[in-house]
Amino acid sequence: MNIENLVEKFCRFIISHKKKTLAIGLILIAIITSGARFLETPTGYRAFVENDQPNYADILDLEEKYGMIDTLSFVIQPNDGDIFQKDVLKLTKELTEISWQTPHSTRVNSITNHQYTTVNGDDINISDFIENVDTLNDSDLKNLKEIALKEKTIVNFILSESARVGFINIYLDVPSEEGFEDPINFAEEQKKIFNEKYPEIFVTVAGSARYSHNFQTAARTDATTMYPGFLILIIVLAYVFLRSALASMLSLIIIFLSILPSMGTVGWLGFEAQPPLIMAPIIILTIALAHCIHILSIALTNMSEGMNKETAMIESLKINFIPVFLTSFTTAVGMAGVNFGKIPAFSEMANTVVIGSGYSFILAVTLLPALFMIMPVQSHGKPTFVLGALRKLGSLIYNFKYYFIVFIGLASILLANLLPNLYFDDDFDSYFDRVDDWVEVKNIVNDEFGSSFFIFANISSEQTDGITSPEYLEKVDEFAKWLEEQDEIATVTTIADVIKTLNQNMNGGFEEYYSIPDDKSLNAQYFLLYEFSVPYGMDLKNQMTADKAESRMLIRMNMITSRESILFNDRVNLWLNENLGSFKSRGVVGIPIMMPYVYRENTDGLIRGLIFSFSLIVIVIGASLRSFRFGLISIVPNIVPFVLSYGILAMFTHIVSFSHTVSILISIGLVVDATIHFLTKFKKASSLNLSQEDTIQYCFKYVGYPIIIASVCLLSGFLFLLQSTFMTNYILGGMCALIIMVALLIDLLLLPSLLLVFGRKKLKQQI
């Protein structure tokens, strides 16, 4: 028994039991969909990193020793003048005190509560840098400004070099399962209060916690803004293409039912609703719609040609069952290739599409024909102008097939020559550049401080109380000075700075004593004296371990690209290997250091995934069509779109981000769909012993219109991602849209030309 007979028996069974099929299907969908309630809240950038990533392991080790490295910052910028004005300092002091109430806060630093050291005789006094703002006069303010701008632990940490912008840094220890919503909500409320209370002073919120929280807000914003509009667009497209209100409604039901169990399944699996996951329903929706259009358009055409409803649907499924299965499978294979990458958030998105692709196929061949028979769907025919245009296109391709092959071949070669100009780079700080408030904050911070990101370096003495040794402190200080000489670094602070400051103050404040004492016991006394003198929460626990064997350097980076970050890290490791001696360090640690390696490893993995996916797709096409020739021919129309698209990209930029690399795997399984449908129809026509021209006309009659419709739907879906506030989604949407548009042209022009020249051979009917 051949496949057509099996499909016919299956379809007759579904139609004969249409109400039972519908009832059982809806019950199962409801059960599976209930898992959507378990979709977890995003945890920020950490969902973009695998737990076994070496750089991430260094971050976790650092957090275990010193506490979480997440920060939340109030940015304070007077509309006129600098920070050293009474109203500005009053606001800073009030907001600093309130900041201790931030949920999960462990430390608060600002210009007002900065621990400033003075000496009275043999006694050391450590107190807030600014205690009573109301008593300050102009001379006091000028003096405070001069002192502050000389303090290494102040400038570029809590005060910009220009003194125009101040920071209140809040250090957080937030359980990973909770996220940053509570601290951010608290900060946003205070921001609103203080902007109203002090209208001449601009207050906003920054920091790594704000950055991580943007992942949460981006996901919610995109879901609420994109989904409704896209659903309306899909309804309109379905009606325009199918020319039947009931058929359009039927399509909408199927695509909606495809999304629900998909999100339910990933909820059961414990996925997170990260911004990339927002793409999954849109892709699933377009896949399901394409299936519906392919099946319904031919069924409606059959009805318009005189077939009864049941026969029309059976014949449509006989033609479309294999190609719809193959397109679902190849889409799943392409998406599965994303798992070769190193970014869990994108793997979860891809796996969601894999699951959704399976559901869309099952529903397209079960509930779709069942509902088709239950609902009073009638054919209104296809737009004659489209059919007429396709007939003309078929004749054009038949007459000029060699010209199309040569022209597209030359264009591919020319654009391929531009591909070596592309190089990988990324700027994770730009992910939310489509969020107006974030851009404003980022510009202020980057202009005044270099960036809002800190990195860290842990130096181990390998022995208890080892950090008090002069040799250790000198080496830490040497490393800090070397770092400050690097263009990538804005400023560095270490425990050596604390010792040097205390030594200077204990020796009359003379500049020559701003140095590290040679006496280990004296250094130990200085540490002890400092710890006893500072208030709660302002000690050195965030800079040294309890056994005083290790210390952590705090480093603010300038904004740099991924390539620059990797090159900088290589120089750091080289310096440490050559100069650190008996002391140990894992090098610099932090988000700006980690993410470039994540991107690089992700890109390497995606290349492997691309090879795997593409190879498997070609093998499956060849095997399913029982034609090695068709398998080879299918390679060309599925490589050329990527060559042309990335060649076009290279005309405008030389930078490829990881968003661009992911777009290849996301789109490869989608663009091959049209190829599969065209190849199956070409093979069917070949078995009928039609002439070459009639063969092409047959293909365009039965598949040209659905291919155009499906591509337009996919194109619309990805273009909708251009509304995303998450830059990665924006880039992915734009790049996938370009690839699909180019692929449509290739499938309509190059593929039939190649088949006429290389694929025409007498074949037995095998479908």
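The values are calculated or read from the model by the stated rules, or taken from the named source; none is laboratory data. Note that this is a predicted model, so its numbers are computed, not measured. Heads up, the Cβs are rebuilt from the backbone with ideal geometry, glycines too, and the neighbour counts pull from every protein chain shown.
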Check: Can you tell me which residue in the stretch 220-247 is modelled with the lowest pLDDT, limited to those that are of a type in the set (G, A, S) and surrounded by 23 or more Cβ atoms within 10 Å (Cβ to Cβ)?
Finding: A238
Item checked: Those residues of the stretch 349-376 which are of a type in the set (G, A, S) and without any contact (Cβ under 8 Å) to a residue 60 or more places away in the chain, in sequence order -> G358
Next item on the list: Mind telling me which of the residues T102, T96 ends up being farther than 28 Å from D222 by Cβ and buried (at least 20 other Cβ atoms within 10 Å of the Cβ)?
Entry: T96
Next item on the list: Determine whether L715 is assigned to a helix (DSSP H, G or I), buried (at least 23 other Cβ atoms within 10 Å of the Cβ), modelled with pLDDT of 80 or more and assigned by TED's automatic domain parsing to the domain that holds I232.
Entry: no
Item checked: Pair list, Cβ < 7 Å and 6+ apart or interchain, from the stretch 397-414 residues that are closer than 11 Å to L749 by Cα to residues that are of a type in the set (F, W, Y) and in a helix (DSSP H, G or I) -> I397/F404
Item checked: Subset of the stretch 525-538 that is crowded, with 16+ Cβ neighbours inside 10 Å and in contact with a Lys or Arg (Cβ under 9 Å, 6 or more places away or on another chain) - its residue that is modelled with the lowest pLDDT -> M538
Check: Can you name the helices (runs of 4 or more DSSP H) wholly within the stretch 297-390 that have at least 1 residues being in contact with a Pro (Cβ under 8 Å, 6 or more places away or on another chain), in the same structural domain as F678 (by TED's automatic domain parsing) and more than 28 Å from I621 (Cα to Cα)?
Finding: 344-365
Notebook entry, point to check: List pairs: first in the stretch 555-581 and exposed (fewer than 15 other Cβ atoms within 10 Å of the Cβ), second in a helix (DSSP H, G or I), Cβ under 9 Å, 6+ apart or cross-chain?
Noted result: N579/K475; N579/E478; N579/F479; N579/W482; G581/E471; G581/K475
Next item on the list: Please enumerate the residues belonging to the stretch 173-217 that are among the basic types (K, R) and either closer than 18 Å to P275 by Cβ or touching a Phe, Trp or Tyr at 6+ places or on another chain (Cβ under 6 Å) (or both).
Entry: R210
Next item on the list: Can you confirm whether the stretch 474-495 contains a residue that is without any contact (Cβ under 8 Å) to a residue 24 or more places away in the chain, touching a strand residue (DSSP E or B) at 6+ places or on another chain (Cβ under 9 Å) and not assigned by TED's automatic domain parsing to the domain that holds V656?
Entry: yes
Check: So which residues in the stretch 597-633 are surrounded by fewer than 17 Cβ atoms within 10 Å (Cβ to Cβ) and of a type in the set (K, R)?
Finding: R608, R626, R629
Next item on the list: Say whether the condition of being within 26 Å of N399 (Cβ to Cβ) and touching a Gly at 6+ places or on another chain (Cβ under 6 Å) is met by at least one residue in the stretch 706-722.
Entry: no
Notebook entry, point to check: Counting just the residues of the stretch 38-51 that are under 29 Å from I254 (Cβ atoms) and at pLDDT below 85, which one comes out surrounded by the fewest Cβ atoms within 10 Å (Cβ to Cβ)?
Noted result: E40
Margin query: Looking for something in contact with a Lys or Arg (Cβ under 8 Å, 6 or more places away or on another chain) and either in contact (Cβ under 8 Å) with a residue 24 or more places away in the chain or not hydrophobic (A, V, I, L, M, F, W, C) (or both) - is there at least one such residue anywhere in the stretch 637-657?
Written below: no
Margin query: So, restricting to strands (runs of 3 or more DSSP E) that lie completely within the stretch 110-222, which ones have at least 2 residues that are under 18 Å from E440 (Cα atoms) and within 30 Å of the chain's Cα centre (by Cα)?
Written below: 166-172, 201-206
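Conditions tested, residue by residue: (1) more than 27 Å from S251 (Cα to Cα); (2) out of contact with any strand residue (DSSP E or B) (no Cβ under 7 Å at 6 or more places or on another chain); (3) hydroxyl-bearing (S, T, Y); (4) surrounded by 24 or more Cβ atoms within 10 Å (Cβ to Cβ).
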| site | (1), (2), (3), (4) |
| --- | --- |
| F658 | yes, yes, no, yes |
| I666 | no, yes, no, yes |
| L679 | no, yes, no, yes |
| I707 | no, yes, no, yes |
| S711 | no, yes, yes, no |
| Q723 | no, yes, no, no |
| M741 | no, yes, no, no |
| L744 | no, yes, no, no |
Notebook entry, point to check: Going by the structure shown, is E484 closer than 29 Å to T96 by Cα and surrounded by fewer than 20 Cβ atoms within 10 Å (Cβ to Cβ)?
Noted result: yes
Item checked: The listed residue being assigned to a loop (DSSP other than H, G, I, E, B) and either in the same structural domain as Y536 (by TED's automatic domain parsing) or surrounded by fewer than 18 Cβ atoms within 10 Å (Cβ to Cβ) (or both), out of D82, D87 -> D82
Margin query: So, in the stretch 263-295, exactly how many residues are among the aliphatic types (A, V, I, L, M), more than 25 Å from P323 (Cα to Cα) and more than 19 Å from the chain's Cα centre (by Cα)?
Written below: 1
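One line per residue, one yes/no per condition, for (1) among the polar types (S, T, N, Q); (2) within 23 Å of F678 (Cβ to Cβ); (3) part of a helix (DSSP H, G or I); (4) under 19 Å from the mean Cα position of the chain (by Cα):
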| residue | (1), (2), (3), (4) |
| --- | --- |
| G587 | no, no, no, no |
| P592 | no, no, yes, yes |
| M595 | no, no, yes, yes |
| G609 | no, no, yes, yes |
| S613 | yes, yes, yes, no |
| A650 | no, no, yes, no |
| I666 | no, yes, yes, yes |
Next item on the list: Keeping to the stretch 441-457, report how many residues are at pLDDT 80 or above and not in a strand (DSSP E or B).
Entry: 9
Checklist line | Single unsatisfied condition, I126 versus (1) more than 27 Å from A206 (Cα to Cα); (2) surrounded by fewer than 12 Cβ atoms within 10 Å (Cβ to Cβ) | finding: (2)
Next item on the list: Please indicate, with yes or no, whether at least one residue in the stretch 685-696 is under 20 Å from the mean Cα position of the chain (by Cα), modelled with pLDDT under 80 and in a helix (DSSP H, G or I).
Entry: no
